[in-house]
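Heads up, the thing below is written out as structure tokens.
None of the figures in this text is laboratory data; all of them are computed from the coordinates on show. Note that the structure is predicted; figures quoted are calculated from it, not measured. Quick reminder, even Gly has a Cβ in these numbers, built from the backbone with ideal geometry, and neighbours come from all protein chains shown.
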Amino acid sequence: MIISFRSECLADVVLLLAVLDCTQCERISIHPDRVFPDVEVEVEGELALKDLQLAMAQIEDGHVMLETVAQAPREQNSMCRMCSDFFY
């Protein structure tokens, strides 16, 4: 399974990785924006989307991640905020 999302900054992704059980992740790739501090992230493995969303909800500024997360490769995710079906 491949899940992708956008984050306001790399620090939020680092906090997320500290909360996650990364033993279920086979690959994590982080792609920085060329202008803004935002990063796009792609996670591949057996991690369930719901588990990732619950971990994102624990991050103080995790709202951008929650609003852009999708079970899709990075190229297929619009990274559009408020497009996610996760409501918190």
When 47, 52 are ranked with the fewest other C-beta atoms within 10 Å first, the list becomes 47, 52
Here, residue 11 and residue 24, labelled 7 Å along Cα→Cβ, have an inter-label distance in nm of 2.8 nm
Nearest-0.05 FRET efficiency for residue 57 and residue 35 at R0 = 30 Å, using Cβ-Cβ distance, is 0.60
For the pair residue 71 and residue 50, the simple spin-label estimate (label points 7 Å beyond Cα toward Cβ) gives in nm 1.0 nm
Answer in debye to the nearest 20: the dipole magnitude of the chain about its Cα centre, from +1 Lys/Arg and -1 Asp/Glu charges placed on Cβ, is 120 debye
So, for the Cα atoms of the chain, Rg and Dmax in Å stand at 11.4, 32
Under the helix-only model (-39500 (n - 2.57) for each DSSP H run of 4 or more, divided by the residues of the chain), the mean residue ellipticity at 222 nm, to 500 deg cm²/dmol, is -8000 deg cm²/dmol
